[in-house]
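Report on the structure given below.
The values are calculated or read from the model by the stated rules, or taken from the named source; none is laboratory data. If you're wondering where the values come from, they're calculated on a predicted model, not measured in any experiment. Positions of Cβ are generated from backbone atoms using ideal geometry, with glycine treated the same way; all protein chains shown enter the neighbour counts.
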């Protein structure tokens, strides 16, 4: 756990000064505990973090917890249906209030001395306290929280970064999908023995896709484009033709790729001709979401530093949340979303919904662990990025700028 503002160590200062643009990061960035501490302080305790989906807490009193860098947040809806992110720390003597990862409560009751809090975090009962005790001063502390198109974000900083541009871009590209009305149909958690940045960098390029992801390349035409110039040109023509149709339907096609000074990307891109979903055969795996005009709307890819990757099709969506645990250990939570009124076993089969991205993710975790094993060697040195890895270079530039700032 890290707290407060820590001055940069001489190691970190030297690494930041010597980083070569267009090349991967130096070995200590992926292995050194003091670098990990700096990242928690200057990135994960300052930036907006993806926590989960509103479908996890449909009713007042429903809650789930999100843990990061020793902190535990209780995400829940209060009796006014407002979203709350409360620190899971009793104001009496600090005991954790919610010990389960998810559940339903009418009130939040500390199991140690039975102090009771309302769903808004206010203290409503405290036994045997002295005369003059002002319970209004002992409500649960809260973190900043907001939901955008059903995606929940939290920020631990007292002064959160501006989120306006990210919010506008998410709404512009996802409004027809009605993700806020979706439900979680499946959840999988992985502990990947890899530094979180290797996972983020892996998600920023498809240089590796043709040789590693047959299921994903079978669905997304641009993923297989790295095989040849001919494949790249074909993918470009398909994308252009699809965008013309999407614009006629009122769908946003002005992609928001990563660029200098940004930390998010939102783009709609094409599937293979004839495919309407990221499924093994390109066919639908669940009912049409929201008020989309057609099933053939491609897929919206979302990337938000430091911990969210998401892909949204016409009939389902998948989110990936990255949570660093140790310098060489990262938890990844994957959730698949379908239309809120879809019936399991009738309208969809969870295994079919999961198929492409479960395979793709598990292939990636193996690659990231192999990457970490190689980086651990004293013979690892930063290597130059290819033209297809510009996303890795962008991530590294953003990452270095966060620690320099």
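Before moving on, here are some points about what is shown:
- Members of segment 209-221 that are surrounded by fewer than 21 Cβ atoms within 10 Å (Cβ to Cβ) and within 16 Å of residue 300 (Cα to Cα): none
- Scanning segment 318-360 for residues that are surrounded by fewer than 22 Cβ atoms within 10 Å (Cβ to Cβ), in a helix (DSSP H, G or I) and either in contact with a helix residue (DSSP H, G or I) (Cβ under 8 Å, 6 or more places away or on another chain) or in contact (Cβ under 8 Å) with a residue 60 or more places away in the chain (or both) returns 350, 352, 354, 355, 358, 359.
- Test: residue in segment 19-35 that is over 30 Å from residue 387 (Cα atoms) and in contact with a helix residue (DSSP H, G or I) (Cβ under 6 Å, 6 or more places away or on another chain): no
- Breaking point among (1) surrounded by fewer than 19 Cβ atoms within 10 Å (Cβ to Cβ); (2) over 30 Å from residue 378 (Cβ atoms), for residue 27: (2)
- Single condition residue 99 does not satisfy, out of (1) more than 16 Å from residue 54 (Cα to Cα); (2) under 26 Å from the mean Cα position of the chain (by Cα); (3) surrounded by 16 or more Cβ atoms within 10 Å (Cβ to Cβ): (3)
- Being within 14 Å of residue 170 (Cβ to Cβ), assigned by TED's automatic domain parsing to the domain that holds residue 218 and either surrounded by 15 or more Cβ atoms within 10 Å (Cβ to Cβ) or in contact with a strand residue (DSSP E or B) (Cβ under 8 Å, 6 or more places away or on another chain) (or both) is a property that residue 262 has.
- Residues (part of a helix (DSSP H, G or I) and in contact (Cβ under 8 Å) with a residue 24 or more places away in the chain) located in segment 363-389: 363, 364, 365, 367, 368, 369, 371, 372, 375, 388, 389
- Restricted to helices (runs of 4 or more DSSP H) entirely inside segment 107-214, those with at least 2 residues that are in contact (Cβ under 8 Å) with a residue 40 or more places away in the chain and either in the same structural domain as residue 339 (by TED's automatic domain parsing) or in contact with a helix residue (DSSP H, G or I) (Cβ under 7 Å, 6 or more places away or on another chain) (or both) are 164-174, 196-203.
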